[in-house]
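Inspection log for the structure reproduced underneath, given as structure tokens.
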Amino acid sequence: MNAGFITGHLQTDVGPVPQISTVWSFQDRLNTMKVRWSIGRMSYRVLPGIYAVGNPDKSSRVFVTGNYKLSFDHLRRALIGIDGWLLVIDTKGINVWCAAGKGTFGTKEVVRRIRIHHLEKLVDHRKIILPQLGATGVSAHEVKHMTGFAVIYGPVKAVDIKHFLEAGLKASDQMRLVTFPLAERLKVIPVDVFYGKYYMLLVPAIFFILSGFYPGGYSVDSAFTVGWKSTLNLYSGYFAGCVITPALLPWIPFRRFSLKGIVTGWLAAFLLLWLNTLGGSIAETTSWFLMMGGLSSFMAMNFTGSSTFTSLSGVQKEMKTALPIQIAMVSVGLAGWIITRFLAL
Amino acid sequence: MSRFTYLTDVVTLKLDPEKCTGCRMCLIVCPHAVFEIEEKKAVIRYLDYCMECGACAKNCQEGAITVKSGVGCAAGILNGLIRGTEPSCDCGSGGNCC
Ligand code: SF4
Ligand code: SF4
């Protein structure tokens, strides 16, 4: 584990506590990029426990976060110039919101960490500050009941912590909202792009092989000329769903992500129709519209997982109708396209 | 600030005004400003903004709020369907994804 952010140790009543830097090193930045792009599948964690920023004492604030290194990094960076304690709980290296949803950032773990690190000896007040998004897993009154520590929910974003402290532990309405602006959406796109993983290579490969067939024979030439077009069509459908749809989310009509996906998938198909890669016959072109629409629709629907406003009930309702339609579109399209390989339609 | 609305009239959020003491905790924890206080009691003002995260129910001392909480994630629901379990979001890609 890379712990280059530890600059020293502080002697306290509960033993030595590592002191950490509030500045990101080059390594921190590089790793943040890598994590965003899912490079290396690294588990990006810090050791749970107590950390010190600045020179805290018994009256200093206690900030709780998960042991996903990005959460930890954002918090320590936001605390520049502040003397405080960090209580890092074990969320298995997962960010606060997701961990709260799963219950790993939860009442039990908060209580357990308060106890094993003897927080009551480290500070003489009885307040801990949690990120608001932890509230999904933590019950403030239960923590209070079990440990005597009152849970104060801080702002959604670590960057607002200073304002929150200056305002006397009050977050403005804006600071309490989870928004989903373009910049945030772009940040989470890589997750969905890599959803397909090796299928993204395997499926085009199969299309290359099938592309060699034409009514009456097989030609390697055709495998290439038709094959690259097929690959382009497939990737366009895929990216229309997992990149274009999230990026343009509020501007694409319909509320259902699956419908938004069909819109972008078909827009891409129209563009390719114009570029002449959807094949020569109506049967072939229709097949591509079905495949691209279905694929894009599925990938767009997948983005509900990265979005910050879709409810379980809503997604379940959407999937009930969308999934069968997507499967039908892709299979009918695929069957149609394969038939055009062998029959002149 | 533009706010997104997903499907309307599907969420399972309910509030029992009898039990509510108007402590405002639900207003504090809700990431979508679903609640407002009216006559010293919380009311569900924007039902369709609710994402069923469950934070309000979990932090209401009076047990006035109920919601069937979970993660609104298609991949998770699909996982559950395939494995025959509840929706589970273990896609294993670390911290970015749930
Ligand atoms: S948290 Fe419960 S008691 Fe407090 S205002 Fe909300 S509904 Fe009422
Ligand atoms: S479940 Fe979450 S989004 Fe819905 S009202 Fe409660 S806190 Fe707000």
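Observations
- Nitroxide proxy distance, nm - points 7 Å out along Cα→Cβ at A:SER222 and A:ILE206: 2.0 nm
- Segment A:LYS144-A:ARG115, extension gain: residue separation times 0.36 nm, minus the distance between their alpha carbons: 9.2 nm
- Spin-label model, A:LEU273 to B:THR21: label points 7 Å out along the Cα-to-beta-carbon direction sit 6.4 nm apart.
- Peptide B:24-34 is shielded by partner chain Cβ atoms: per residue, an average of 5 of them sit within 10 Å of its Cβ.
- Reducing region A:86-119 and region A:223-302 to their Cα centroids gives an inter-centroid distance of 42 Å.
- Mean Cα-pair separation over length for region A:6-176, i.e. relative contact order, pairs under 8 Å, 6 or more apart, %: 19 percent
- For chain A: relative contact order, % (alpha-carbon pairs under 8 angstrom, 6 or more apart): 11 percent
- 18 Å Cα-Cα reach of A:LYS121 towards lysines, excluding residues that sit fewer than 8 places from it in its own chain: A:LYS58, A:LYS144
- Compared with the dominant principal axis of the Cα atoms in chain A, helix A:107-116 is inclined by about 40°.
- By accessible area, using a 1.4 Å probe on protein heavy atoms only, chain A has 66% of its surface on carbon and sulfur.
- Number of Lys-Lys pairs in region B:14-86 with C-alpha atoms under 14 Å apart and a separation of 8 or more places or on different chains: 6.
- Straight-distance crosslink candidates among lysines, where the alpha carbon sits under 18 Å from A:LYS260 and sequence neighbours closer than 8 are dropped: A:LYS317, A:LYS320
- Chain B, relative contact order [Cα under 8 Å, separation at least 6], %: 25 percent
- Chains A and B together bury roughly 4300 Å² of accessible area, counting both sides, with a 1.4 Å probe on protein heavy atoms only.
- Gain in span if fully extended, A:VAL159 to A:LEU343, counting 0.36 nm per residue against the direct Cα distance: 60.1 nm
- The residues of region A:6-176 present an accessible area of 44 Å² per residue when probed at 1.4 Å with all protein chains retained.
- Reachable aspartates and glutamates, given that their alpha-carbon falls under 13 Å from the alpha-carbon of A:LYS157 and they are not under 8 places away in the same chain: A:ASP73, A:ASP173, A:GLU184
- Surrounding net charge for A:GLN174, when Lys and Arg each add one and Asp and Glu each subtract one, Cβ distance under 14 Å: +2
- Taking every alpha-carbon pair within the protein assembly as shown, the share separated by more than 29 Å comes to 53 percent.
- To the nearest ten degrees, helix B:74-83 and the longest principal axis of the Cα atoms of chain B are 60 degrees apart.
- Taken along the Cα-to-beta-carbon direction at a fixed 7 Å, the label points for A:THR179 and A:LEU248 span 2.3 nm.
- P(r) tail for region A:6-176: Cα pairs beyond 27 Å make up 19% of the total.
- Sites listed here are trypsin sites (Lys or Arg not before Pro) in region A:181-224 whose DSSP assignment is loop and whose Cβ has at most 13 other Cβ atoms within 10 Å: A:LYS197.
- In degrees, nearest ten, helix A:182-193 long axis to first principal axis of chain A (Cα): 60 degrees
- Mean per-residue shielding of peptide B:76-83 is 3, counting Cβ atoms of other chains within 10 Å of each Cβ.
- Peptide-level mean, for B:56-62, of C-beta atoms on other protein chains within 10 Å: 5
The values are calculated or read from the model by the stated rules, or taken from the named source; none is laboratory data. Computed from a predicted model, the values in this text were never measured in an experiment. Heads up, the Cβs are rebuilt from the backbone with ideal geometry, glycines too, and the neighbour counts pull from every protein chain shown. Accessible surface is based on the protein model in full, side chains and every heavy atom, while ligands, DNA and RNA are left aside. Shrake-Rupley method; radii C 1.70, N 1.55, O 1.52, S 1.80 Å.
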